[in-house]
Amino acid sequence: MEFNLQKILKALLFSTSEPLSIKDVQSVIARYHDKSAPSEKVDAGADESPETKVTLSEENGQGLMKTLIDQVPSLLTSTQIRDAMDAIANELIERREVFRVVQGPKGYRIAVHPDYSGWVGLFREDPRPLKLSPASMETLAISAYRQPITRAEIESIRGVSCDSSLNTLLEHELIIVTGRAELPGRPLQYGTTDKFLELCGLRSVEELPASDVLSPNQLSEWIREASGPEHELHDSDMGLAED
């Protein structure tokens, strides 16, 4: 059997419901070589007996096994695995398959094409898709771009209380408590989760689209100014057109 990285990756993807990371693939390759390594002979210097003599057929079998082992690289680089995954993803798109290879924060997985996800949801009787209120969406966006961020900082930007929105986002595991700020009272800080990244089809928060309104530097400046005395935020402060 000839070594074919793409076919092996397809088999691994179909064999698990969990994300398949690059380290998982490299670990499988390492275990393959560990199990395929020939065992050391005992008493190599002792007189050979008829039972211990290697026959010609055994030599041929060992030679074939060595050839197969030599085909499998001892180490696959991250680039090689990513390129193979990209090739698989492109192949599925070109063939218009009903599934896709998607990459999330924890690795690669097989996913049903969005055009057919409704049928799968009916078959599995999945709950209705998650819908967030505008207030929760605003809170989530601010948390994503400014994380880690405290409740007071979010409220300084939005200008209203965000307790309900934070509770909703925590309940749906879209944000989590990441620590405490080095501020008086040590307030809790919030950040987005891997579930948020998967929901948005992102691998990391660095892939969030650039935004003139929600850039981290601008948000930091608005928070600093909003925390000062007698400051009122206007539309122009938020990068919005004034009436």
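Quick look at the numbers
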| item | result |
| --- | --- |
| Rounded FRET efficiency, nearest 0.05, which uses the C-beta distance separating LEU12 from ALA135 and R0 of 41 Å | 0.45 |
| Virtual spin-label span in nm between ARG180 and ALA87, 7 Å along Cα→Cβ | 5.3 |
| Under 5 Å, built H, 5+ apart or other chain: amide partners of TYR190 | ILE149, THR150, THR178 |
| Among 87-98, 161-172, the order from most to least packed when residues are scored by Cβ within 10 Å on average | 161-172, 87-98 |
| Burial order of peptide ranges 105-111, 26-32 (average beta-carbon count within 10 Å, highest first) | 105-111, 26-32 |
| From phi via Karplus (6.51, -1.76, 1.60), per-residue ³J(HN,Hα) for region 6-23 in Hz, x at Gly/Pro | 5, 5, 5, 5, 4, 4, 5, 5, 6, 8, 9, 9, 8, x, 9, 8, 4, 5 |
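Every read-out reported here was derived from the displayed coordinates using simple, explicitly stated rules and does not represent laboratory data. Predicted, not measured: the structure shown is a model, and the values here were computed from it. Glycine also receives a Cβ, built like all others from the backbone with ideal geometry; neighbour counts cover every protein chain displayed.
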